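Have a look at the structure below, then the notes.
What follows is calculated from the coordinates using simple rules that are stated; it is not laboratory data. Treat the numbers as computed from the prediction; the structure is a model and nothing was measured. Cβ: placed from backbone, ideal geometry, glycine included. Neighbour counts: every protein chain shown.
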Amino acid sequence: MKKILSILLISLIVIACEGDIGPPGPPGPPGLNGVNILGNVYEIEVNFTPSNDFSIISEFPNTIEVFESDVVMVYLLEEQVNDPTGPVDVWAQLPQTFYLNNGDEVVYNFNHTFFDTNIFLDGNAAFNLLPPEFTQNQVFRIAILPAEFAEAYDVSTFKKLNQALKQENINLNLISLN
């Protein structure tokens, strides 16, 4: 009986023992409500010509993993404005419609898969008669965002996208394909 009591007593002591709480673990990566955010941005410069049917397909770089649920945003570089720190890019989210003096419309639009983005001209204008400022050396910024991020913030303009990223302390990887 003494042996049984001794074993029970030792078992209770071992089970009831508690040590000091260990140090906290390292902080995890920044995220949005526990969701890891890893977005990517890259730029392309293109020419719209009759030989490419006024359409450019940009395959996502091999360094970017894109999922079917990700959100792809495309922005057109509309102009650069002067600032004391240097030129500042002005980006406009696609689709963008421009009205010509003769009443015709030119629309920069896009669609995408999780492999590539197709940027194309649309509208009722004769694309082969457009001045070069509509077809030559057009710069587009393509942003690939996880769906959770795009649903949680207003990303309707590149400025709002940048504000949301700064709010979450997120830096996107900017990849230039030129």
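Per-structure values
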| item | result |
| --- | --- |
| Length released on extending from residue 100 to residue 78, taking residue separation times 0.36 nm less the Cα-Cα span | 6.4 nm |
| Using a Förster distance of 22 Å, the FRET efficiency for residue 109-residue 89 (Cβ separation, nearest 0.05) | 0.60 |
| Loop-located chymotrypsin sites (Phe, Trp or Tyr not before Pro) in region 77-152, at most 16 other Cβ atoms within 10 Å (DSSP) | 114, 115 |
